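S.K.: Take this structure first; my questions come after.
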Amino acid sequence: MVTYLFILFATLAIAAALAMVLNRSTVNSALFLVLNMLSIAGIYLLLKAQFLAVVQVLVYAGAIMVLFLFVIMLLNVEDEEAVLDKINFRYIISVILGVVVLSYLLYIAGSMADALPPVAEDMAQVGTVEAIGDELFSTYILPLEITAILLTAAVVGAIMMAQHKFK
Amino acid sequence: MIALDWYLALSAILFTIGVIGVLTRKNAIVIFMCAELMLNAVNLSLVSFSAHLGDVHGQILVFFSLCVAAAEAAVGLAIIIAIFRNNLSVDITRINLLRW
């Protein structure tokens, strides 16, 4: 059952990512990215990381993608010409570079396949809100506060930069 | 349960699609979305390592990376809006002020 779900979510994620890269329309790309992120959230659930799955849907598929769609709507971007229309030098180089990156990553993952750990038994307790909150508000309290400052600074900076008259 | 290799392979494939997207597309917003896709792929490999080691620290790292991604999206989109206001375009071939 888990295997079938993994195959379903993985296929969905890869197909949505490919569709995002190949689509002409920016809005369609953003919507395919939402689909991709939802299927990654499903994979998090398969890994028993419930908290991160919910946060993924809320923050990524919710907040960040709404931001993206708002900016697309605001800028009224015209569609690009179809990506695969003319094969030029740049695309060839890009695809070759992509294949190099992929083979390198797979080589790293494959070369340490024997050293990879088996599935942990107590995983069901690790990904819960309780376990993460416990760790987050004791060991990681300082990074958490710094993250709060970072988010405030980012919001103020974003408003400053997006102002009409930038001084 | 599926072996860790498959999660890592999925993460590698998603990362590669993101790399190819950044290199081929011309629209700054789509390039930005491809960067988000790469961030997601790395998060996926962190979560799968965390799950297979039974260790919560990987998931906390993903939580912080999500926060930084949110901040980065807000600032990046503000920069794109500012560029659009000056250039009336988000086509990266026409944004060449700092290019040699």
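S.K.: With a bin width of 10 angstrom, please list the P(r) values of the stretch A:1-85 as percents of all Cα-Cα pairs, from the 0 bin to the one holding the largest distance.
M.R.: Reading upward from the zero bin: 18, 41, 29, 11, 1.
S.K.: Taking a ≥ b ≥ c as the square roots of the Cα gyration tensor eigenvalues, with a/c under 1.5 meaning rounded and otherwise prolate when a/b beats b/c, else oblate, which class fits the protein assembly as shown? Before the final figure, lay out the partial values.
M.R.: Working: a/c = 2.13, a/b = 1.32, b/c = 1.62.
It comes out oblate by the Cα gyration axes.
S.K.: What FRET efficiency do you get for A:Arg24 and A:Val129 if R0 is 30 Å and r is their Cβ-Cβ distance, rounded to the nearest 0.05? Before the final figure, lay out the partial values.
M.R.: On the way: r = 41 Å, r/R0 = 1.36.
After rounding to 0.05, the efficiency reads 0.15.
S.K.: Quick one: plug the Kirkwood hydrodynamic radius of the stretch B:4-87 (C-alpha pairs) into Stokes-Einstein at 4 °C, 1.567 mPa s, and report D in µm²/s.
M.R.: Numbers: Rh = 14.0 Å.
It diffuses with D of about 93 µm²/s by this estimate.
S.K.: Sticking with this structure for a sec: For a paramagnetic label modelled at 7 Å from the Cα of A:Ile7 toward its Cβ, which residues of the stretch A:28-62 fall within the zone defined by backbone nitrogen distances under 19 Å?
M.R.: A:39-40, A:42-44, A:46-47
S.K.: To the nearest 0.05, what FRET efficiency results for A:Ile108 and B:Trp6 with a Förster distance of 22 Å applied to their C-beta separation?
M.R.: Details: r = 15 Å, r/R0 = 0.68.
Between A:Ile108 and B:Trp6 the formula returns 0.90.
S.K.: Please compute, for peptide A:34-42, the average count of beta-carbon atoms on other protein chains lying within 10 Å of each residue's beta-carbon. Mind dumping the intermediate values first?
M.R.: Numbers: counts 0, 0, 7, 3, 0, 0, 9, 1, 0.
That average works out to 2.
S.K.: Which distance in nm do the two modelled labels at B:Arg99 and B:Leu23 give, with both placed 7 Å along the Cα-to-Cβ direction?
M.R.: Going from the B:Arg99 label point to the B:Leu23 one covers 1.8 nm.
S.K.: On full extension of the chain, what length is gained from A:Ile96 through A:Leu144, given 0.36 nm per residue of separation minus the C-alpha to C-alpha distance? It would help to have the intermediate numbers written out before the result.
M.R.: Working: separation 48, 0.36 × 48 = 17.28 nm, distance 4.03 nm.
Taking 0.36 nm per residue and subtracting the Cα distance, the gain is 13.3 nm.
S.K.: Right, here's the next one. Please express the Cα-Cα pair-distance distribution P(r) of the stretch B:55-95 as a list of whole percents, one per 5 Å bin, running from 0 to the bin with the greatest distance.
M.R.: 6, 22, 17, 13, 12, 10, 9, 6, 5, 1
S.K.: Shielding of B:64-70 by partners, i.e. mean partner chain Cβ atoms within 10 Å per residue?
M.R.: Average neighbour count from other chains, rounded to a whole number: 6.
S.K.: When Cβ neighbours within 10 Å are restricted to other protein chains, what is their mean count per residue of peptide A:49-57?
M.R.: Details: counts 9, 0, 4, 11, 1, 0, 5, 6, 0.
Going residue by residue through A:49-57 and averaging, the value is 4.
Computed from the coordinates by the stated procedures, all read-outs in this text should not be read as laboratory data. Given the structure is predicted, the values throughout are model-derived calculations rather than measurements. Cβ atoms come from the backbone with ideal geometry, glycine included; neighbour counts cover every protein chain shown.
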